[in-house]
């Protein structure tokens, strides 16, 4: 899978979309590469970009969840 460029593609998906389904799939791909040496090396090559993409996605999810909880509390 890593030979087909799945790591960079998954990172691009995380940056490009706010939709949950493609983002979830991209995170699953990144998670699957961690246990394989060659795949992990591919991830390490794009580590800065991958970490930035994952953290950005996590922060957006946290903000959305907090916003929803606050709206529900104030209603």
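Every number here is computed from the coordinates shown, using simple stated rules; none is lab data. Just so you know, these numbers come straight off a predicted model, no measurement behind them.
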Q) Picking from 41, 64, 26, which is most flexible by a Gaussian network model of the chain using Cα springs under 10 Å? A) 64
Q: Could you check which residue among 65, 52, 17 shows the biggest mean-square fluctuation in a GNM of the chain with a 10 Å Cα cutoff?
A: 65
Q: Divide by every residue of the chain the summed helix terms, -39500 (n - 2.57) for each DSSP H run of at least 4, and state the resulting mean residue ellipticity at 222 nm, rounded to the nearest 500 deg cm²/dmol.
A: -27000 deg cm²/dmol
Q. On the first, second and third principal axes, largest extent first, how far apart are the outermost C-alpha atoms of the chain in Å?
A. 51, 20, 19
